[in-house]
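Report on one structure; see the data block that follows.
The values are calculated or read from the model by the stated rules, or taken from the named source; none is laboratory data. Because the structure is predicted, anything quoted here is derived from the model rather than measured. Note that each Cβ is placed from the backbone with ideal geometry, even for glycine, and that neighbours are counted across all protein chains shown.
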Amino acid sequence: MYHKYNAIIVGAGGAGLRAALELSSVSDVAVITKLYPTRSHTGTAQGGIGAALANREEDHWEWHAFDTVKGSDYLGDQDAIDMMCREAIAVVYDLEHMGLPFSRTPEGKIDQRRFGGHTKYEGKEPVLRSCYAADRTGHMILQTLYQQCVKNNVVFFNEYHVLDLIMHDGACRGVIALDIATGEVHTFHAKAVLFATGGFGKMYKVTSNAHSQTGDAPGIAFRNGIPLEDMEFFQFHPTGIYKLGILITEGARGEGGVLLNGLGERFMERYAPTIKDLAPRDMISQAMYKEIREGRGVDGKDYLLLDLTHLGVDVIKSKLPDVTGFVRTYLGIDPVREPIPVQPTAHYAMGGIPTDLDARVLADGVEAPVPGLYAAGECACVSVHGANRLGTNSLVDIQVFGKRAGANIAAFVRESPLLPLPPSHDAAVVEHLSRLRSSNGGELVADIRAELQREMMDKASVFRDGAILSEMLNKVAELKDRYGKITIRDKSAKYNTELTEAVELGYLLDLSEALVVSAIARTESRGAHFREDYPERDDANWLKHTLAFSKEKGIELRYKPVVITRFQPKERKY
Ligand SMILES: Cc1cc2nc3c(=O)[nH]c(=O)nc-3n(C[C@H](O)[C@H](O)[C@H](O)COP(=O)(O)OP(=O)(O)OC[C@H]3O[C@@H](n4cnc5c(N)ncnc54)[C@H](O)[C@@H]3O)c2cc1C
């Protein structure tokens, strides 16, 4: 089946919908999504969206930018960070004007709460900056944007799984997608494509990410010769529910919750004396692993406690209703009375598809845009988060760069002709699918995926070491080999999720390899990348972005400088 649009957006999360909305008033646009739009992972975001509105106390976007640069361990590009923090204010008001039901101050302004790493006077004390709708901020963003898109006649292809780009002569001309309901392959011919497919936390066993977070667009881009930037930086959020990984928002600590070790000590006082439990996530997750390793886990086990009991039932009910509901449901614990068992959970990919400030994908990772190809949101790396993202800054990122992507694509499609499709543009995809469907090697997708997740958790998570990462690289090679010998038992065309999961596992394997190769090379510790064999940050050699290219001989690494404008790298103390 053939479809033609000026612009195609792959992904109906906060980034994709914001771009679609921006485009919808000036161009035809279709959104392709493997999930129903309102099931996108953005809908699970709890804590808030950061913007220096100064509704509760003095604040400035420049402070937000300072915190973001420092939070990124100085690896974030400061031109992009300035842009994001300045435009954050407008995108929050955009959402308010669209009708998003933010939590309010008594005088009716958007309420704001504290969050990790967000401070006033450049690091002096925590600031009230996160705009929120109880602990359902992402849900409200997604519903609000979806309603606006429907109102503006955006076309949706729900439950269509995009499998490849159509590239010819270095330009993007559309995408190929599988209609999950029928098993048919569709061609989407377009002047411009935006990738907005979210993150890839499913490469880890304990993760806050939904099952769909498999890095499809970064995987597709990588196979099409586009590099991946800063893949070694993967964020672990300190407070996942023990063993399950389900997230308890940092907003819980923003409201005053504290972390305790097995001795009942508020251990963050030792690691970050100024802002304690509101230190950035990389520092807290590393501190938690350290406490556990040194025998101060609870009952000698590998978890710690998040204590909300002193907040009182009113705060918990009005500001954290959903997360406390999860704890009651999954652990049978009432957070009003008992502390919650928590452990760090794989949460957010700082790395991804390299783009410029206009969301254009960069073929060489540095300056050469691929005509017609854009990326925004968690799948992209612009880079505003550097080596560690601050809480609330992903929702800002997806709104600011989703909006910019939409505006830039609108200008591009106005000026550019529709390029013809290359001959046999879908042959490779059809062949790949039929090879997967008929494969009979005996290995199961679920087994390989479980082993990948377990091994990545053990060998490439919060604490890393060169020798162990090398073992992981061998493991990925072994798993890729086994992946070549899978059996898809379901041979049917309709809703063949075994087939789509096999496709997704292929991306997870490729992205894990890119992560591990990038992590082995980076012989320093910065942000979320902590090397026990190289525990210091090394600005002389490593103040640079990694670019991983997929080449015939294997992964090739190149580097590019960090954009530094106002803030020179300093020691990071909180
Ligand atoms: C539990 C949780 C809580 C969070 N809380 C916060 C918070 O409070 N504040 C904050 O700033 N950040 C938070 N984050 C991070 C933030 O929510 C995400 O980084 C962000 O929402 C990602 O948005 P996105 O638009 O890039 O992608 P997503 O919302 O993940 O959307 C991806 C879209 O791509 C589609 N897709 C993927 N692959 C394909 C394919 N092959 N074909 C077709 N469609 C495809 C999916 O269907 C989906 O529509 C949280 C994350 C999690 C997991």
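Here are the numbers:
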quantity	calculated
Number of positions in region 145-157 that are surrounded by fewer than 17 Cβ atoms within 10 Å (Cβ to Cβ) and not basic (Lys, Arg)	5
Leading residue by the ranking (nearest to the ligand (Cβ to nearest atom)) among those in region 177-195 that are crowded, with 23+ Cβ neighbours inside 10 Å and either charged (D, E, K, R) or farther than 22 Å from Arg404 by Cα (or both)	Ala177
Residues located in region 547-559, provided they are within 14 Å of Ile226 (Cβ to Cβ) and in contact (Cβ under 8 Å) with a residue 24 or more places away in the chain	Leu547, Ala548, Phe549, Ser550, Ile555, Arg558
Residues that are part of a helix (DSSP H, G or I) and farther than 16 Å from Ala502 by Cα, drawn from region 198-211	Gly201
Test: residue in region 211-218 that is modelled with pLDDT of 95 or more, more than 9 Å from the ligand (Cβ to nearest atom) and within 30 Å of Asp334 (Cβ to Cβ)	yes
Tabulated pairs, region 2-18, first farther than 12 Å from Pro37 by Cβ and hydrophobic (A, V, I, L, M, F, W, C), second within 6 Å of the ligand (Cβ to nearest atom) and assigned to a strand (DSSP E or B), C-beta under 8 angstrom, 6+ apart or interchain	Ile8/Ile32; Val10/Ile32; Val10/Thr33; Val10/Val162
Criterion violated by Lys4 - all others in (1) modelled with pLDDT of 95 or more; (2) within 13 Å of the ligand (Cβ to nearest atom) satisfied	(2)
Leu194 touching a Cys at 6+ places or on another chain (Cβ under 7 Å) and within 16 Å of Ile32 (Cα to Cα)	no
Close pairs (7 angstrom Cβ cut-off, 6 or more residues apart or separate chains): not assigned by TED's automatic domain parsing to the domain that holds Glu255 in region 41-68, of a type in the set (Phe, Trp, Tyr) anywhere	Gly47/Phe115; Gly47/Tyr132; Gly48/Phe115; Gly48/Tyr132; Gly50/Phe115; Ala52/Trp61; Ala52/Trp63; Phe66/Phe567
When residues of region 196-210 are limited to those that are among the polar types (S, T, N, Q) and within 7 Å of the ligand (Cβ to nearest atom), the one nearest to Ile248 (Cα to Cα)	Ser208
Pick from region 9-43, criterion of a type outside the set (D, E, K, R), within 9 Å of the ligand (Cβ to nearest atom) and part of a loop (DSSP other than H, G, I, E, B), ranking: surrounded by the fewest Cβ atoms within 10 Å (Cβ to Cβ)	Tyr36
Test: residue in region 506-519 that is exposed (fewer than 13 other Cβ atoms within 10 Å of the Cβ) and either farther than 23 Å from Asp230 by Cβ or charged (D, E, K, R) (or both)	no
Gly138 being on the phi > 0 side of the Ramachandran plot and either within 10 Å of the ligand (Cβ to nearest atom) or in contact with an Asp or Glu (Cβ under 8 Å, 6 or more places away or on another chain) (or both)	no
Residue match in region 549-556 (condition: farther than 22 Å from Val382 by Cα and touching a helix residue (DSSP H, G or I) at 6+ places or on another chain (Cβ under 9 Å))	yes
Residue ID - nearest to the ligand (Cβ to nearest atom), chosen from residues in region 222-241 that are farther than 21 Å from Ala387 by Cβ and buried (at least 22 other Cβ atoms within 10 Å of the Cβ)	Ile241
Residue match in region 224-235 (condition: under 24 Å from Ala171 (Cα atoms) and in contact with a helix residue (DSSP H, G or I) (Cβ under 6 Å, 6 or more places away or on another chain))	yes
Conditions (1) buried (at least 24 other Cβ atoms within 10 Å of the Cβ); (2) within 12 Å of the ligand (Cβ to nearest atom); (3) under 21 Å from Arg389 (Cα atoms); (4) of a type in the set (Val, Ile, Thr); number of the one not met by Val69	(2)
Residues of region 319-359 that turn out to be part of a loop (DSSP other than H, G, I, E, B) and away from the ligand (no atom under 15 Å from the Cβ), as a count	11
Inter-residue pairs, beta-carbon under 9 Å, first free of Cβ contacts under 8 Å to residues at least 60 places away in the same chain and over 12 Å from Ala446 (Cα atoms) and in region 483-503, second among the hydroxyl-bearing types (Ser, Thr, Tyr) and assigned to a helix (DSSP H, G or I), 6+ apart	Asp490/Thr497; Lys491/Ser438
Of all residues in region 365-383 being more than 16 Å from the ligand (Cβ to nearest atom) and out of contact with any Lys or Arg (no Cβ under 8 Å at 6 or more places or on another chain), the one that is farthest from Met84 (Cα to Cα)	Pro371
Subset of region 396-420 that is touching a residue at least 60 places away in the same chain (Cβ under 8 Å) and among the polar types (S, T, N, Q) - its residue that is nearest to Gly138 (Cα to Cα)	Gln399
Wholly enclosed helices (runs of 4 or more DSSP H) of region 212-278 bearing at least 3 residues in contact with a strand residue (DSSP E or B) (Cβ under 7 Å, 6 or more places away or on another chain) and small (Gly, Ala, Ser)	251-254
